[in-house]
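The values are calculated or read from the model by the stated rules, or taken from the named source; none is laboratory data. Predicted, not measured: the structure shown is a model, and the values here were computed from it. In this analysis, Cβ positions are derived from the backbone assuming ideal geometry, glycine residues included, and neighbour counts consider all displayed protein chains.
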Amino acid sequence: MESLTNEPAALGQRYGIARRLTFAEMHGGTVAELSHDGARAIVALQGAQVLSYEADGHGEVLWLSPQARLGTGKAVRGGIPVCWPWFGPHPQGGSHPAHGFVRTQRWWPVSTATSTDSTRIKLACPAAGEGHSAWPHSARLELEIVLGQCLTLFLTTRNTGTSEFALTQALHSYFRVDDIADVDVLGLEDVHFIDQLDSGALKTEGGAVRIAGEIDRVYQGLTETVTIADARRRIAIQSRGCTSVVLWNPWIDKSARLGDMGEDGYRRMLCLETANAGADVITLAPGESHTLTAIISATSAR
Ligand code: TA6
């Protein structure tokens, strides 16, 4: 049964867990605050968007725009936006929003739980079942967020309609770094990628990826962990249910065009997105399900 109100107190009565999971108003909307041992996470009901993940002993792992504001009708920049049921521009073009339509929709808690290993919340998106002018299908869309030694996200789609549909999607994670000039991205060596800044040319690159300008790559055929390493820590991202990851930094000019990257924000962030994108398209027949999983952990640099 999905909750019928977004009042923090009412949600707390129904889904709260003393000292582990509470609801509050933040950034102009309702959020769930999860804790487990020394780890913390904040999840907005809008878009089921993780806005913050503080790993136990390793600080804030995610980058969030200083202009982050819920309830504006626009997606919040930062944290982990859910891009669904299409990644990037709408396949048929037109005026449909990039990255699908669920980022700005209200999601509702379905269940919460805590154990010695984790604190978790599962949310559902009613809009996914209501059809959309740009996507005439019906699905059950749920995101389960598990906070423990790692932060794990399970994004599950079930086709509840009567016809098959194709799906592309991403957990569009914005990671915080001390200085982008000091970052190595490991695990992408010699993996083919679509260069979105070079007319979709298919390329490979040996060695660790260094960021010295705008970068927008859809890596294909990937199955391993990708690591963002700087002088202080290593953030590891394991992706399951997909064979593509997206690497993105807007750098200076695109940041200015976006307008919500803050002062020098591009220096403090790097997107490494767990995705079904490019040729990695999921097709679901009626009744079939698929889960896209991201497992995020932080450790010291040495
Ligand atoms: O994931 C990379 C990307 O597709 C970039 O091309 C850029 O558009 C970014 O996503 C942000 O998209 P958004 O719609 O959140 O501004």
Review point. Here are Q220, Q238: which of them is within 16 Å of the ligand (Cβ to nearest atom), modelled with pLDDT of 95 or more and within 24 Å of P85 (Cβ to Cβ)?
Key: Q220
Review point. Does the range 84-102 contain any residue that is buried (at least 19 other Cβ atoms within 10 Å of the Cβ), part of a loop (DSSP other than H, G, I, E, B), more than 13 Å from the ligand (Cβ to nearest atom) and in contact (Cβ under 8 Å) with a residue 40 or more places away in the chain?
Key: yes
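Is it the case, given these coordinates, that A277 is under 20 Å from F175 (Cα atoms) and either surrounded by fewer than 19 Cβ atoms within 10 Å (Cβ to Cβ) or modelled with pLDDT of 95 or more (or both)?
yes
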**Study point:** Complete set of residues in the range 214-235 that are closer than 13 Å to D182 by Cβ and within 18 Å of the chain's Cα centre (by Cα)
**Key:** I228
Check your understanding: In this structure, is G29 within 13 Å of the ligand (Cβ to nearest atom) and surrounded by 19 or more Cβ atoms within 10 Å (Cβ to Cβ)?
Key -> no
Exercise for review: Return a yes/no flag: does the range 293-300 have any residue that is more than 16 Å from the ligand (Cβ to nearest atom) and surrounded by fewer than 17 Cβ atoms within 10 Å (Cβ to Cβ).
Suggested key: yes
Review point. W107 passes all but one of (1) surrounded by 15 or more Cβ atoms within 10 Å (Cβ to Cβ); (2) under 25 Å from V281 (Cα atoms); (3) within 15 Å of the ligand (Cβ to nearest atom); which number fails?
Key: (3)
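Residue-wise test of (1) touching a His at 6+ places or on another chain (Cβ under 6 Å); (2) within 16 Å of F87 (Cβ to Cβ); (3) of a type in the set (V, I, T).
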residue	(1), (2), (3)
P126	no, no, no
E130	no, no, no
R140	no, no, no
T157	yes, yes, yes
S163	no, no, no
A166	no, yes, no
Check your understanding: Can you tell me which residues in the range 41-73 are within 25 Å of I228 (Cα to Cα) and β-branched (V, I, T)?
Key -> I42, V43, V50, V61
Point to revise | Within the range 211-244, tally of residues that are surrounded by 20 or more Cβ atoms within 10 Å (Cβ to Cβ) and of a type outside the set (A, V, I, L, M, F, W, C) | key: 5
Practice item. Collect the residues in the range 34-60 that are crowded, with 24+ Cβ neighbours inside 10 Å and either within 12 Å of the ligand (Cβ to nearest atom) or not in a strand (DSSP E or B) (or both), keeping them in residue-number order. Key: G47, A48, Q49
Practice item. Looking only at the range 235-293, count how many residues are in contact (Cβ under 8 Å) with a residue 12 or more places away in the chain and in a helix (DSSP H, G or I). Key: 9
Review point. Are any residues in the range 247-302 touching a Gly at 6+ places or on another chain (Cβ under 6 Å) and closer than 30 Å to G38 by Cα, and if so, which ones?
Key: T291, L292, T293
Check your understanding: In the range 248-274, which residues are within 12 Å of the ligand (Cβ to nearest atom), surrounded by fewer than 15 Cβ atoms within 10 Å (Cβ to Cβ) and charged (D, E, K, R)?
Key -> R257
